[in-house]
Amino acid sequence: MKAILKSKEMSIAAILILLCIILSYLSPAFFTFSNLTDVLKANAVLGILAIGMTLVIITGGIDVSVAAVTSAVAVITGHLMIYLPDSFLSLLVIFLVAPLCGIVFGLINGYLVAKVEIPAIVVTLGMMSIISGAILYLTNGVYVNSRNFPSIFIDFANAKILGISILVYIFFAVAALTWYVMKNTVIGRSVFAIGGNSKSAIRVGIDFKKVQMFVFAYMGFLAGIAAIVQTAYIKAIDPNGLIGFELIVIAAVVIGGANILGGRGTVFGTILGVILLGVMQNGLILAHIDTYWQKVVVGSIILLAVSYDHIQYKRAQSQLSNIKVEA
Amino acid sequence: MKNLSKESILGLFLVGLFVFMSLFAPGFLASSNLKNMMFQLPEFSILALAMMVVILTAGIDLSLTFVASLSGVVIAIALSSGYSIPMALLAGLLVALACGLLNGVFVAKIGVSPILVTLGTMILFEGINLSITKGHSISGFPSAYNLIGNGYFFGLVPVSLVIMIVLIIVTTVLLNKTKWGRSVYMVGSNPIATLFSGINTSRALMWVYLFSSLMAFVASVIMTARYNSAKVDMGSAYLLQCVAAAVLGGTQIQGGYGKVIGTVYAVCIFQILSSGLNLLGVHRSIVDVMIGVILIAVLIINYVSSQLEKRKSIKEQAKSVA
């Protein structure tokens, strides 16, 4: 029980609950069912990408190309959708093609990181430059409108179960899947092992390269799903809509308690980080605070979160080395 | 060919690219194009040098261009509300140094990893900038100020180019001839060993972030003077290009190795590439693609050549054993 209370997720959750109490006091519109589900819906893309990024960061990597990959997949599927007939099968095709495209991009990243041994930040930086340049060149930055989509996709985008948008369910399904993979599969456990201590993990026979490939491919897979959710959310394809989004994704993961140097991080923590960012943004709007101040608040929270985290970590480390052996 | 350093190969590539563009890009050698390139080069290369010094310590400064635009906005506000040029510059300098100090405290004193700190401060500085300017651009400077960005020495050499050359020399001297410069490399390659060898690593790191914010300030002066305005996204396109330039210039992203001249070559290559391709009628966004491809290709070539060398040395060992 003490361990649960002391865990990092608890402190994020405490901040989140405190924020919610303040906000519901400040604005009666905050603590309503529709507002809260709207927050979840608006942050589904962020959440899905952040969950993938958590795995990448746990292994000590980073992927700054996520936003570009998501846009690329959205552009590809969006242009595909124009030609698709209005039937249930088209939906199926979209749900096959988008993750596959994402996985291909992810595998390219993974190959360059794992096999060619280029640092992850450089690979993904280069990929980001290549992909976003190519998108701009091919689309000229032009929107694809929802008028061109098959109406089944629009129905899907508007679908609600128990009054909650289907996009929120996709977000939670992704979270559940990732939690399961991390908890109950060999490759998921290897991700943690690599992050904790890559040398010992390799010594006990874990294939580091394979894990890296897996992590980047999984990130790509989620980017593909995020592309569908993004398209369904804005009901259009905006080739420039996600520029700079990768940094928000990383911020959410970091606020959620993952350590950028690897080894620590949980899906649950990341979800809390995403919701914290979402609630904060929503709250600032509801509290009529100038939207320009949002970034100041977000930036300060990131700084506070990471330094608090680091100080805690250092304290824990120094306690570790001070274990006294009784003679 | 074998005895050439990484940087000299890059230099040869630069010369080759220049010759190629002069031959094939129409109007590349025209004075207007050369003038454009000379004016665009300084801000980019100063920012890239700042980024390189941070990368040498195994860090990264994502807030770099936002420090520049924040200090630019402060200068612009001071100038347009009638303060004298030295006062405005002083205000901009203080703001930039305060930003650098903030980064330095978090990285050097608290010890948080630089990518997180500068990610946070980047969003923070952008937010402060937005709340000051509301996203508008600020203009209306005295013409004497604009001379920094548009003026010439002796009617020939752009002032900003001279500033750039001076800063390149200063950075080279600082990195190679001073105690601080040597400790920057040492911190980058092994911070713990450096600490145990009696060097105050946290002070060295602190100066690194102050140095990078100082460079950002100079770049912001040149940019505001050249554009005759300041805006929140001023120079933000340079952010990732700076990292790319440092890496292409041979700087190791894990820290510990990197030369000023390599970064300068890389910046020139990017500049020639973007101007030349533009003249060749290539779409602007293809230049981004090219930069990404070059970045990854250079590292793949590095990897392949190191693999080949390894294989060769194994073979030689086998031979000597036999």
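The values are calculated or read from the model by the stated rules, or taken from the named source; none is laboratory data. Just so it is clear, the model here is predicted, and its values are computed rather than measured. With ideal geometry, Cβ positions are generated from the backbone for all residues, glycine too; neighbour counts draw on all protein chains shown.
Of all the numbered requirements in (1) more than 22 Å from A:VAL45 (Cα to Cα); (2) of a type outside the set (Val, Ile, Thr); (3) assigned to a helix (DSSP H, G or I); (4) modelled with pLDDT under 80, A:ASP86 misses one, and that requirement is (3).
Does the range B:4-16 contain any residue that is at positive phi and either touching a His at 6+ places or on another chain (Cβ under 9 Å) or without any contact (Cβ under 8 Å) to a residue 12 or more places away in the chain (or both)? The answer is no; no qualifying residue exists. Candidates B:SER274, B:SER306, B:SER313: the one that is modelled with pLDDT of 80 or more and within 14 Å of another protein chain (Cβ to nearest Cβ) is B:SER274.
Identify, from the list B:GLY104, B:GLY100, B:GLY82, B:GLY92, the residue that is within 30 Å of B:ASN200 (Cβ to Cβ) and either more than 22 Å from the chain's Cα centre (by Cα) or within 14 Å of chain A (Cβ to nearest Cβ) (or both). The unique qualifying residue is B:GLY104.
Could you check, for the range A:82-104, whether at least one of its residues is touching a residue at least 40 places away in the same chain (Cβ under 8 Å), within 14 Å of another protein chain (Cβ to nearest Cβ) and not aliphatic (A, V, I, L, M)? No, the range A:82-104 has no match at all.
The set of residues from the range B:35-94 being in a loop (DSSP other than H, G, I, E, B) and under 30 Å from B:TYR265 (Cα atoms) comprises B:THR57, B:ALA58, B:GLY59, B:ILE60, B:ASP61, B:LEU62, B:SER63.
Going by the conditions given, is A:ALA193 closer than 30 Å to A:LYS235 by Cβ and in a helix (DSSP H, G or I)? In short, no. Taking first residues from the range B:259-284 that are under 16 Å from B:GLN40 (Cα atoms) and partners that are assigned to a helix (DSSP H, G or I) and of a type in the set (Lys, Arg), the Cβ contacts under 9 Å between residues at least 6 apart in sequence or on separate chains come to B:SER274/B:ARG284; B:LEU277/B:ARG284; B:ASN278/B:ARG284.
Of all residues in the range A:107-136, those that are within 9 Å of another protein chain (Cβ to nearest Cβ) and within 21 Å of B:ILE60 (Cβ to Cβ) have Cβ atoms under 6 Å from Cβ atoms of residues that are surrounded by 22 or more Cβ atoms within 10 Å (Cβ to Cβ) and charged (D, E, K, R), 6 or more apart or on another chain, in A:SER129/B:ASP288. When the range B:285-301 is examined, which residues are found to be more than 8 Å from chain A (Cβ to nearest Cβ) and touching a residue at least 40 places away in the same chain (Cβ under 8 Å)? Across the range B:285-301, the qualifying residues are B:ILE294, B:VAL298.
Checking A:ALA14, A:ALA42 one by one, the residue that is surrounded by 15 or more Cβ atoms within 10 Å (Cβ to Cβ) and of a type in the set (A, V, I, L, M) is A:ALA42 and no other. Find the residue count for the range B:216-264, including only residues that are outside any helix (DSSP H, G or I), hydroxyl-bearing (Ser, Thr, Tyr) and in contact with a strand residue (DSSP E or B) (Cβ under 6 Å, 6 or more places away or on another chain). Qualifying residue count, the range B:216-264: 1. For the range B:143-166, does any single residue satisfy the condition of being under 30 Å from A:VAL306 (Cβ atoms), out of contact with any strand residue (DSSP E or B) (no Cβ under 7 Å at 6 or more places or on another chain) and outside any loop (DSSP other than H, G, I, E, B)? Looking through the range B:143-166, none of the residues is under 30 Å from A:VAL306 (Cβ atoms), out of contact with any strand residue (DSSP E or B) (no Cβ under 7 Å at 6 or more places or on another chain) and outside any loop (DSSP other than H, G, I, E, B).
With respect to the conditions (1) under 18 Å from A:MET53 (Cβ atoms); (2) at pLDDT 90 or above; (3) within 14 Å of chain B (Cβ to nearest Cβ), A:ALA176 lacks only one, and its number is (3). Exactly one residue out of B:TYR185, B:TYR257 is within 14 Å of another protein chain (Cβ to nearest Cβ), of a type in the set (Phe, Trp, Tyr) and farther than 30 Å from B:PRO142 by Cβ, and it is B:TYR257. The lone criterion from (1) more than 18 Å from B:ALA91 (Cα to Cα); (2) modelled with pLDDT of 85 or more left unmet by B:ASP233 is number (2).
Scanning the range A:57-83 for residues that are part of a loop (DSSP other than H, G, I, E, B) and in contact with a Ser or Thr (Cβ under 6 Å, 6 or more places away or on another chain) yields a total of 3. Scanning the range A:103-118 for residues that are of a type outside the set (D, E, K, R) and outside any helix (DSSP H, G or I) yields A:VAL116, A:ILE118. Going through (1) without any contact (Cβ under 8 Å) to a residue 60 or more places away in the chain; (2) farther than 24 Å from A:LYS314 by Cβ one by one, B:LEU116 falls short only on (2).
Which members of the range B:109-119 meet the condition of being more than 23 Å from the chain's Cα centre (by Cα) and more than 7 Å from every other protein chain (Cβ to nearest Cβ)? Within the range B:109-119, B:LYS109 is the sole residue that qualifies. Does A:VAL253 count as within 30 Å of A:VAL39 (Cβ to Cβ), in contact with a helix residue (DSSP H, G or I) (Cβ under 9 Å, 6 or more places away or on another chain), within 14 Å of another protein chain (Cβ to nearest Cβ) and in a helix (DSSP H, G or I)? Here the answer is yes, as A:VAL253 does meet what is asked. Could you list, in sequence order, all residues of the range A:275-307 that are more than 22 Å from the chain's Cα centre (by Cα) and within 7 Å of chain B (Cβ to nearest Cβ)? Selection gives A:ASP290, A:TYR292, A:TRP293. Checked across the range A:266-278, the condition of being part of a loop (DSSP other than H, G, I, E, B), out of contact with any Pro (no Cβ under 7 Å at 6 or more places or on another chain), at pLDDT below 80 and under 23 Å from A:ALA175 (Cα atoms) holds for at least one residue. Residues of the range B:120-159 being more than 8 Å from every other protein chain (Cβ to nearest Cβ), among the β-branched types (Val, Ile, Thr) and over 21 Å from the mean Cα position of the chain (by Cα), which ones? Residues satisfying the conditions are B:ILE132, B:THR133, B:ILE138, B:VAL157.
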